[in-house]
Amino acid sequence: MKKILMIGTGGTIASQVTENGLAPELTSAQLLAHIPAISGICEVESLQLLNLDSTNIAPRHWLEMVGCIREHYEDYDGFVLTHGTDTMAYTAAALSYLIQKSPKPIVFTGAQKPIGFDVTDSKMNLTDAFRTAASSLPGVSLVFNGKVILGTRAQKIRSKSFEAFSSINYPFLGVLRDGVLLRYLHESCEGGPVFYDQLNTKVGLLKLIPGTEQALLDYLLERCDALMIESFGVGGLPDYEGSDFCDSVCRWTERGKLVVLTTQVQNEGSDLGIYHVGHRLKGVPGVLEAFDMTTEAVTAKLMWILGQTRDPAEIQRLFYTPVAHDILWPAEC
Ligand code: ASP
């Protein structure tokens, strides 16, 4: 029987009703007590790393999770991390960069309703996560509502109902049906695991709205080493009366800042070359584009890359090099 380590970090799944709203209070051991049948699927040991609402999860907690998995890596066949749903996609993406090519499953799950509620998705998600961790599915994934999603491709798409996550620009890795994991895709993981322990957190995000002031862009670029700009559609920057975002971007990238154009549209990604408003940015040194990567993945990838290098050519090479199938275009097409 496979031996799995469960690592608790908090979230709704572990939450209880308090006077001030739901708060994570249950330990991993208490969560396990709700699913006694798990002993028929795998052998489980558990530890409590954090107990936070995932709104409070920060990059240093990602490094703590990596440290914990690294410390216990040889002793277990797989890992289940319970986590709040709100930032689970960021954490799953971050661990996909910080632990690459893991032959052992590292599975995130959580729930929209606490495990103690009469109507809850907690028990099914947790049980499915253990089934997945006890399978031979390598790498970082997220299991939710019967779907297995690659760690670099998950995004929270619903704030209340059970179908909380989608796989963006990539198929599901598999589904869990009647307690059986049906795998659609088979990942390879040769040469791993490779652990990283450095992040540069000076990464920011500007979501454009019609009429965004250029001063906002300058404010953020002054403070960040890398700025993602979530622009409209396939991507571009405005040049309305009196302001030209392109000028700003070029001024800051000349001083060593990095700008990544992404899109605020959920599916199909960016393609800067299509319209004049984006075309002007193509090939500008220090300006990259996300293509089909999610904002969550780009956030984590930039922190991981800038934690290793400030060399512009190396940053660009690493950014467009696929990690855990995070980018399919143009690199893999
Ligand atoms: N606020 C909660 C959290 O992210 C929501 C959840 O877990 O579903 O921790």
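The values are calculated or read from the model by the stated rules, or taken from the named source; none is laboratory data. If you're wondering where the values come from, they're calculated on a predicted model, not measured in any experiment. Quick reminder, even Gly has a Cβ in these numbers, built from the backbone with ideal geometry, and neighbours come from all protein chains shown.
So which pairs qualify, if the first residue must be in the stretch 190-201 and at pLDDT 95 or above, the second must be part of a strand (DSSP E or B), the Cβ gap must be under 6 Å, and the two must be at least 6 apart or on different chains?
Between residues of the stretch 190-201 that are at pLDDT 95 or above and residues that are part of a strand (DSSP E or B), the close pairs are PRO193/ILE99; VAL194/GLN100; PHE195/ILE99.
For the stretch 8-56, list the strands (runs of 3 or more DSSP E) that sit wholly inside it and hold at least 1 residues that are without any contact (Cβ under 8 Å) to a residue 12 or more places away in the chain and more than 24 Å from the chain's Cα centre (by Cα); which are they?
By residue number, 15-18, 21-24.
When the stretch 111-122 is examined, which residues are found to be more than 12 Å from the ligand (Cβ to nearest atom) and either in contact with a Phe, Trp or Tyr (Cβ under 7 Å, 6 or more places away or on another chain) or not hydrophobic (A, V, I, L, M, F, W, C) (or both)?
Listed by number, the residues that qualify are GLY116, ASP118.
What residue, among those in the stretch 64-110 that are polar (S, T, N, Q), away from the ligand (no atom under 16 Å from the Cβ) and outside any loop (DSSP other than H, G, I, E, B), is farthest from the chain's Cα centre (by Cα)?
GLN100
Restricting the first residue to the stretch 60-89 and requiring it to be more than 20 Å from ASP128 (Cα to Cα), which pairs with a second residue that is more than 16 Å from the ligand (Cβ to nearest atom) and part of a loop (DSSP other than H, G, I, E, B) meet a Cβ separation below 8 Å and a spacing of at least six or different chains?
If the second residue must be more than 16 Å from the ligand (Cβ to nearest atom) and part of a loop (DSSP other than H, G, I, E, B), the pairs left are TRP62/LEU199; LEU63/ASP197; LEU63/LEU199; VAL66/TYR196; VAL66/ASP197; GLY67/ASP197; TYR73/LYS104; TYR73/PRO193.
Taking the condition part of a strand (DSSP E or B), within 12 Å of the ligand (Cβ to nearest atom) and at pLDDT 95 or above, does ASN125 pass?
So ASN125 does not fit the description; no.
Every residue, every condition in (1) farther than 27 Å from ALA58 by Cα; (2) surrounded by 15 or more Cβ atoms within 10 Å (Cβ to Cβ); (3) modelled with pLDDT of 95 or more; (4) not hydrophobic (A, V, I, L, M, F, W, C), yes or no:
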residue	(1), (2), (3), (4)
ALA164	no, yes, yes, no
ARG177	yes, no, yes, yes
SER188	yes, no, no, yes
LEU216	no, no, yes, no
CYS224	no, yes, yes, no
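Among the residues of the stretch 238-253, what is the count of those that are under 20 Å from PRO312 (Cβ atoms) and either crowded, with 17+ Cβ neighbours inside 10 Å or of a type in the set (Phe, Trp, Tyr) (or both)?
Residues meeting the conditions: 6.
What's the number of the only condition in (1) away from the ligand (no atom under 16 Å from the Cβ); (2) in a helix (DSSP H, G or I) that HIS61 fails to meet?
It is condition (1) that HIS61 fails.
Could you list all residues from the stretch 146-183 that are closer than 14 Å to SER96 by Cβ and in a loop (DSSP other than H, G, I, E, B)?
Within the stretch 146-183, GLY151, THR152, ARG153, ILE168, TYR170, LEU173 meet the criteria.
Looking at the structure I just gave you, is ILE41 hydrophobic (A, V, I, L, M, F, W, C) and away from the ligand (no atom under 16 Å from the Cβ)?
yes
Among the candidates ILE149, ILE168, single out the residue that is closer than 23 Å to PHE319 by Cβ, away from the ligand (no atom under 13 Å from the Cβ), free of Cβ contacts under 8 Å to residues at least 60 places away in the same chain and of a type outside the set (S, T, N, Q).
Being closer than 23 Å to PHE319 by Cβ, away from the ligand (no atom under 13 Å from the Cβ), free of Cβ contacts under 8 Å to residues at least 60 places away in the same chain and of a type outside the set (S, T, N, Q) holds for just one of ILE149, ILE168, which is ILE149.
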